[in-house]
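Below is one structure, written out as structure tokens; comments come after it.
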Amino acid sequence: MESEKTQCLLAQCDELNAQLSTLLSVASDLASELDFNALFPLIVKKITDMMKAERTSLYLLDPDQNELWTKVAEGIDTIRLPIGEGISGRVAQTGEILNVEDAWELPFFNREFDKRNNFRTRSVLCLPIKNHAGEKIGVLQVINKKGKPRFDAQDEWFCQGLAAQVGIALENSLLHDEMKLAFKKSIQTLAATVDAKHPLTAGHSRRVTDYSMKIAQKMGLPRRSQDNLYYAALLHDIGKIGISDAVLLKNGPFTPEERLEMNTHPAKTENILNNFYFPRALRRVPWIAACHHEKIDGTGYPRGLTEDQIPLESKIIAVSDVFDALTSLRDYPKYAFGKILDYKIVPIEKTVYILKKDVGSHFDPDVIEAFLSCLPEITFDTDNAR
Ligand SMILES: [Fe+2]
Ligand SMILES: [Fe+2]
């Protein structure tokens, strides 16, 4: 009898130990990661295993729509649920834990959902997820305890610990996403403002960015490099705000003095961007943007850099920039091979011919190869943008 009691206590101790280590591992996962889209499914799986349950769902609150939506849902497609409806909707509304043996006994449980999914919901443990300020931001729902009729007090304790961790991480993730979006929108607006100075260059930075990102994806550039390229491409011509209108808006070919003034814009771009605060992951943006008129044979400007001295991202912008300049309508002429080529839009075939001719002198061969392989997508975008 005594040894049976001891065995039982030892088993409880083991379970508590396992729950504590899950809590610790989830806490450390959450503390070390900001990409929660990848992390949350893993955490939900850990909860299901630890709780010896059949399914777990993590809902987020959408205050604008007054709805809950499934951030992670095991065994079902994404669903949206009005606040106050169903078990999760109730918990989101009241902020109270709900722990029941049979969901079908609850008057507000929608049995149709089970029937549609060929599933039988029995025991449910559902609890609110709150942020630092105690505001409800989501719901954690664990379904069907295996081997027992319902979830017990220890399960509640474990899930509350988890919900607290997830709440802090979710709030951080939401703040992080909001800050990223605010930063991206400000830069996009700034780039569009510079382009809008002249109707014929409107959209240039956005198009150069679109083409550059396609080339970068084709070349398999790492995520961080793509992020730096994105902002550098958007801002590569921001230095043009320091060029006089007489030169910038000139309708006709440049005099040598005007050409010299125009060619100061990459250095001006670098100066302006060096005064921006870029987060650590985006510190290369000013340098990449500054090098967009460098050529691999050293005849570019402002520094006359060669080959490996030029960042790969700048070489990508260089190709997209020339492609857009040739295939867009401008007041000033298009130059190729050191002379005035045309004032009109250059046809795609001729543009490709010009770009290919400058491989090894102006352009990097690998970048041109990637550009040519995504040309069908680029020309599709070009046709639709005009
Ligand atoms: Fe430029
Ligand atoms: Fe440009």
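The values are calculated or read from the model by the stated rules, or taken from the named source; none is laboratory data. Everything quoted here is computed from the prediction, not taken from an experiment. Using ideal geometry, Cβ is built from the backbone for each residue, glycine included, and neighbour counts are taken over all protein chains shown. Surface areas here come from the heavy atoms of the whole protein model, side chains and all, with no ligands, DNA or RNA. Shrake-Rupley method; radii C 1.70, N 1.55, O 1.52, S 1.80 Å.
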Of (1) touching a residue at least 12 places away in the same chain (Cβ under 8 Å); (2) more than 13 Å from ligand 2 (Cβ to nearest atom); (3) not aromatic (Phe, Trp, Tyr), GLY298 satisfies every one except (1)
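Return yes or no: is SER173 polar (S, T, N, Q), within 13 Å of ligand 2 (Cβ to nearest atom) and in a helix (DSSP H, G or I)? I'd like the intermediate steps shown before the answer.
Details: polar (S, T, N, Q): yes; within 13 Å of ligand 2 (Cβ to nearest atom): no; in a helix (DSSP H, G or I): yes.
Considered against the rule, which asks whether it is polar (S, T, N, Q), within 13 Å of ligand 2 (Cβ to nearest atom) and in a helix (DSSP H, G or I), SER173 comes out as no.
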Residue pairs within 9 Å by beta carbon, gap of at least six or interchain, first lying in the stretch 146-175 and open to solvent by 50 Å² or more (accessible area, probe 1.4 Å), second assigned to a loop (DSSP other than H, G, I, E, B) and at pLDDT below 85, listed first then second, are ILE168/HIS132; ASN172/LEU34
Within the stretch 301-322, of all residues that are touching a Ser or Thr at 6+ places or on another chain (Cβ under 6 Å) and within 12 Å of ligand 2 (Cβ to nearest atom), the one farthest from VAL346 (Cα to Cα) is ILE317
When (1) surrounded by 15 or more Cβ atoms within 10 Å (Cβ to Cβ); (2) in the same structural domain as LEU249 (by TED's automatic domain parsing) are applied to THR189, the one that fails is (1)
Listed by first then second residue, the pairs whose first member lies in the stretch 107-122 and is in the same structural domain as SER88 (by TED's automatic domain parsing), whose partner is open to solvent by 70 Å² or more (accessible area, probe 1.4 Å) and part of a helix (DSSP H, G or I), with beta carbons under 8 Å and at least 6 positions apart or on separate chains, are PHE108/ARG90
Log entry, pairs with first residue in the stretch 234-261 being closer than 22 Å to LYS344 by Cβ and more than 13 Å from ligand 2 (Cβ to nearest atom), second being open to solvent by 50 Å² or more (accessible area, probe 1.4 Å) and modelled with pLDDT of 90 or more, beta carbons closer than 6 Å, six or more apart or on different chains, reads VAL247/GLU261
For the stretch 302-321, the count of residues that are within 15 Å of ligand 1 (Cβ to nearest atom), open to solvent by 20 Å² or more (accessible area, probe 1.4 Å) and among the acidic types (Asp, Glu) equals 0
Among the residues of the stretch 265-276, are any under 24 Å from the mean Cα position of the chain (by Cα) and free of Cβ contacts under 8 Å to residues at least 12 places away in the same chain?
yes
Every listed condition ((1) surrounded by fewer than 16 Cβ atoms within 10 Å (Cβ to Cβ); (2) of a type in the set (A, V, I, L, M, F, W, C); (3) modelled with pLDDT of 95 or more) holds for LEU329 save (3)
### Query
Within the bounds of the stretch 65-79, is there any residue that is open to solvent by less than 50 Å² (accessible area, probe 1.4 Å), in contact with an Asp or Glu (Cβ under 8 Å, 6 or more places away or on another chain), assigned by TED's automatic domain parsing to the domain that holds PHE158 and at pLDDT 90 or above?
no
Every listed condition ((1) within 27 Å of VAL247 (Cα to Cα); (2) crowded, with 20+ Cβ neighbours inside 10 Å; (3) away from ligand 1 (no atom under 16 Å from the Cβ)) holds for ILE215 save (1)
By residue number, the members of the stretch 277-301 that are open to solvent by 60 Å² or more (accessible area, probe 1.4 Å) and not acidic (Asp, Glu) are TYR277, ARG280, ARG283, ARG284, TRP287, LYS295, THR299
Taking the stretch 101-137 and keeping only residues that are within 35 Å of the chain's Cα centre (by Cα) and either acidic (Asp, Glu) or at positive phi (or both), one is left with ASP114, GLY134, GLU135
Within the stretch 222-239, can one find any residue that is touching a helix residue (DSSP H, G or I) at 6+ places or on another chain (Cβ under 7 Å), of a type in the set (S, T, N, Q) and surrounded by fewer than 18 Cβ atoms within 10 Å (Cβ to Cβ)? yes
Q) When you look at LEU372, is it modelled with pLDDT of 90 or more, in contact with a helix residue (DSSP H, G or I) (Cβ under 9 Å, 6 or more places away or on another chain) and among the hydrophobic types (A, V, I, L, M, F, W, C), yes or no? A) yes
